[in-house]
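What follows is a set of notes on a single structure, which appears directly below.
Values in this text are rule-based calculations from the coordinates and carry no lab data. Since the structure is predicted, the reported quantities are computational estimates derived from the model, not experimental observations. When we count neighbours, we look across all protein chains shown, and the Cβ atoms used for this are built from the backbone with ideal geometry, even at glycine.
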Amino acid sequence: MRSGRHGAARPPIGVLIHRDRVDFSLFALIIVIALAVMVLTGWTSIAFWLGLVPIFATLALIVRRIDRLARDEVRDEELL
């Protein structure tokens, strides 16, 4: 009997990022802009602390996008 998807190999993260460069470039741009605002305002400003929100949200979106791309890649290999 086959065990299903257990132990299915996922492609390396670099391959997934290269596959969808535009999305990851936009994610990087959001993080860079948030960091620039944080650096320019200083830690006593409300903008500094609000700059953490898009950073954490973007990191969550990156993880979700990588997971989605990996699942799609594994699904494409199963169809072959």
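Scan the chain and report its longest stretch carrying no trypsin sites (Lys or Arg not before Pro) that are both in a DSSP loop and have at most 11 other Cβ atoms within 10 Å.
Counting at most 11 other Cβ atoms within 10 Å as exposed, the longest clean stretch of the chain is 6-80.
What percent of all Cα-Cα pairs in segment 14-79 falls into each 5 Å bin, going from 0 up to the bin containing the maximum distance?
Taking all Cα pairs of segment 14-79, the binned fractions are 3, 17, 21, 17, 13, 10, 8, 5, 3, 2, 1 percent.
Add -39500 (n - 2.57) for each DSSP H run of 4 or more in the chain, then divide by its residues: what number comes out at 222 nm, to the nearest 500 deg cm²/dmol?
-25000 deg cm²/dmol
With springs only between Cα atoms under 10 Å apart, run a GNM on the chain and tell me which of 55, 66, 46 wobbles the most.
Sorting by GNM fluctuation, first place goes to 46.
Would you please name the chymotrypsin sites (Phe, Trp or Tyr not before Pro) within segment 24-79 that are DSSP coil residues with at most 14 other C-beta atoms within 10 Å of their C-beta?
43
Could you give the size of the charge dipole of the chain about its Cα centre, using +1 on the Cβ of each K and R and -1 on the Cβ of each D and E, expressed in debye and rounded to the nearest 20?
In total the dipole reaches around 160 debye.
Take the chain, connect every pair of alpha-carbon atoms lying under 10 Å apart with a spring to form a Gaussian network, then pick out the residue of 52, 40, 69 with the largest mean-square fluctuation.
Maximum among the listed residues: 40.
I'd like the orientation of helix 52-79 relative to the chain: the angle between its Cα long axis and the longest Cα principal axis, in ° from 0 to 90, rounded to 10.
With rounding to tens, the tilt is 10 degrees.
Could you state the angle between the C-alpha long axis of helix 21-41 and the longest principal axis of the C-alpha atoms of the chain, as a value from 0 to 90 degrees rounded to the nearest 10?
That helix lies at roughly 20 degrees to the long axis.
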